[in-house]
Structures are given as structure tokens and as C-alpha cells.
Amino acid sequence: RAVLVTLVREGTPHLYAYSLARDTLVDLGAPGLYPRFVNGGWIAYALVSGTLVAAPFDDRALRLTGPAVPIAERVRLGPAYPIKGAIARSGTVAFLPGDESTLNDLVVLNRAGVELQRVQSPSNLGFSHLRFSPDGRRIAAGSVSFVQRTERNIWLYDLAARTLSRLTFDSTSAATAWSSNGRHIYYSRGGRSIYRIAADGSGVIDSLTDVMDNGAGDMEATPDGRGLVARYFRRGSFDRDIAFVPLDGSAARPVLASAASE
């Protein structure tokens, strides 16, 4: 009769039930993620703190009938609001323990696996999309907040100086690429536009294009410095195509746009 779902509103997950009969969403009035129905009239779900809780639930009226009680602590969460585990209808729970704050180190290894450098990200942030500069002296890294998972920015790590500095402050930056001369970094912002910023953070930020259907994912600058090759979501789909984005301001043009996800 109903489906338990998580809706993310302004970066915070909330519990809802979708009524198949009424074709409506019912707000359960509780923050949480990964809701699972458990036999006997309960739902188990996780909090963003990593605590797993259970609350009595009326599956006909679609409402919580009592307060939630904790059943497990330090449950590791995934990057898109699941838990690293599973909850059975019988009430059995299996999960990976751990605090995500232990997973946010940027580590540089040589090819033999020997650790050369390690830097911890700022509190409650994890690194992703690491890209070395052409000269190998710096790393551009995307960050994602473990608290507000839609909050993303670009950071720069200097391997010689061992310094970490924040490069963007719009909280919607992702998918980095270096220019071939190492002077600029390209990135996507707000899910659609591609921007260019000086690698030292100086000057103004240039907007290059706003024509990607649903946001650029991976990007790579061409060696001649004339443009970018970018992978982007096809409109209304989770499939991806590949386009060439000129840096002279002209329109992006498809490179691979088949029925497949490129």
C-alpha cells in the first residue's frame, strides 16, 4: 500500500511514505534516511550522525506512533544517503561500523604503495575527484560535506609546501580539470555551468558555458588549450554523453551521443 522513501530538502534527508492508493507523499515528521519496514509494526532508519534507530509505525495510517529508540551506533553512511549495511524485515541488522571522519585523508603513495604524504581534510569534509597538475606539484581536489552532502567545493594541495587551501566558495563546485599549462582549473558549478579559475585563486572566475544538459561530470582539457572534453548527463536521464566544449565561447558540440551511456 505504501513505499517508504527519503527526500532530501535543502541538504537534509527527511522520511516520507508514498501512498500508492492516494498517489500522495505523506510527511512522517522525522529527519532520517534509509527507512526500512520491520515486521511487527516498526520502521528502522538512520540519522545523519550515524545512529540507527527504530520507531513504531502504523502502516495503514502511514504515521509514526511513538518516539524512536537507538539500536546501533557508529553506522557508516554512504555518499548518497544509504547506510553501509542492510536491515531485514525480521529486524536483523548488518552494517559496517566506523566514523566517516576517519575516511577523509588525502594520501599520496608511490607505485610500491609506500606512503609519501598525508593531509587531513577540514572537519566534516571528504575528498573526491583528485587531479594532479600537469607538472605534478599540486593536486586539485573536490570536497563533499558529510553534514550537508550537497555542499561541494574545490581545494588545492601543494605537495612541496604541504599546504591545503580552498579555491572555490560557492558550495556547488565539482568535477575538476587542469588547463594544459597548469595556470587554470576548470570545474562545473551548480550542476550545469562550466567555469574557469586561476590556479592561484587570483583574478575573476570566468563562465565558459551553460549548455550542458544536466551538468558536466568528468572533464579533461585538450593539449592544445582550445577546449574541454566533458561527460554530461543527457536531459531527463541518468545516461551520459560526451561533448567538446570550445573555450572561445562557441557552442558545445556532441562527440559521442549514442543511445548508450558513454
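The values are calculated or read from the model by the stated rules, or taken from the named source; none is laboratory data. A quick note: this is a predicted structure, and the numbers were derived from the prediction, not measured. Cβ sites come from the backbone with ideal geometry, for glycine too, and all protein chains shown count toward neighbours. All accessible areas refer to the heavy atoms of the entire protein, side chains included, with ligands and DNA or RNA removed. Shrake-Rupley method; radii C 1.70, N 1.55, O 1.52, S 1.80 Å.
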Next item on the list: Output the residues belonging to the stretch 170-180 that are more than 12 Å from Glu220 (Cα to Cα) and either among the aliphatic types (A, V, I, L, M) or at pLDDT 90 or above (or both).
Entry: Ala174
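Yes or no, residue by residue, for (1) modelled with pLDDT under 95; (2) on the phi < 0 side of the Ramachandran plot; (3) exposed (fewer than 15 other Cβ atoms within 10 Å of the Cβ):
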position: Pro122; (1), (2), (3): yes, yes, yes
position: Gly126; (1), (2), (3): yes, yes, no
position: His129; (1), (2), (3): yes, no, no
position: Arg138; (1), (2), (3): no, yes, no
position: Ala141; (1), (2), (3): yes, yes, no
position: Thr150; (1), (2), (3): yes, yes, yes
position: Asn153; (1), (2), (3): yes, yes, no
position: Arg162; (1), (2), (3): yes, no, yes
position: Ser165; (1), (2), (3): yes, yes, yes
Item checked: Matching residues in the stretch 44-84 - criterion: being among the polar types (S, T, N, Q) and closer than 29 Å to Ala21 by Cα -> Thr65
Margin query: Every residue in the stretch 167-180 that is in a loop (DSSP other than H, G, I, E, B) and surrounded by fewer than 23 Cβ atoms within 10 Å (Cβ to Cβ), please.
Written below: Leu167, Phe169, Asp170, Ser171, Ser179, Ser180
Next item on the list: Name the residue, out of Arg235, Arg231, that is open to solvent by 30 Å² or more (accessible area, probe 1.4 Å) and modelled with pLDDT under 85.
Entry: Arg235
Checklist line | Matching entry among Arg1, Arg9 (being within 17 Å of the chain's Cα centre (by Cα), more than 30 Å from Arg131 (Cβ to Cβ) and open to solvent by 50 Å² or more (accessible area, probe 1.4 Å)) | finding: Arg9
Check: So, of the residues in the stretch 181-201 that are open to solvent by less than 60 Å² (accessible area, probe 1.4 Å) and not in a strand (DSSP E or B), which turns out to be modelled with the lowest pLDDT?
Finding: Gly191
Item checked: Residues being in contact with a Lys or Arg (Cβ under 8 Å, 6 or more places away or on another chain) and at negative phi - total across the stretch 167-178 -> 8
Check: In the stretch 70-83, what residues are without any contact (Cβ under 8 Å) to a residue 24 or more places away in the chain and touching a strand residue (DSSP E or B) at 6+ places or on another chain (Cβ under 6 Å)?
Finding: Pro70, Ala72
Check: Which is under 19 Å from the mean Cα position of the chain (by Cα) and among the basic types (Lys, Arg), of Arg76, Arg22, Arg63?
Finding: Arg76
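Does the stretch 239-255 include one or more residues that are out of contact with any helix residue (DSSP H, G or I) (no Cβ under 9 Å at 6 or more places or on another chain), hydroxyl-bearing (Ser, Thr, Tyr) and part of a strand (DSSP E or B)?
Step one: filter the stretch 239-255 for residues out of contact with any helix residue (DSSP H, G or I) (no Cβ under 9 Å at 6 or more places or on another chain), giving 239-255.
Next cut, hydroxyl-bearing (Ser, Thr, Tyr) only: 250.
Those still in the list that are part of a strand (DSSP E or B) too: none.
Scanning the stretch 239-255 turns up no residue that is out of contact with any helix residue (DSSP H, G or I) (no Cβ under 9 Å at 6 or more places or on another chain), hydroxyl-bearing (Ser, Thr, Tyr) and part of a strand (DSSP E or B).
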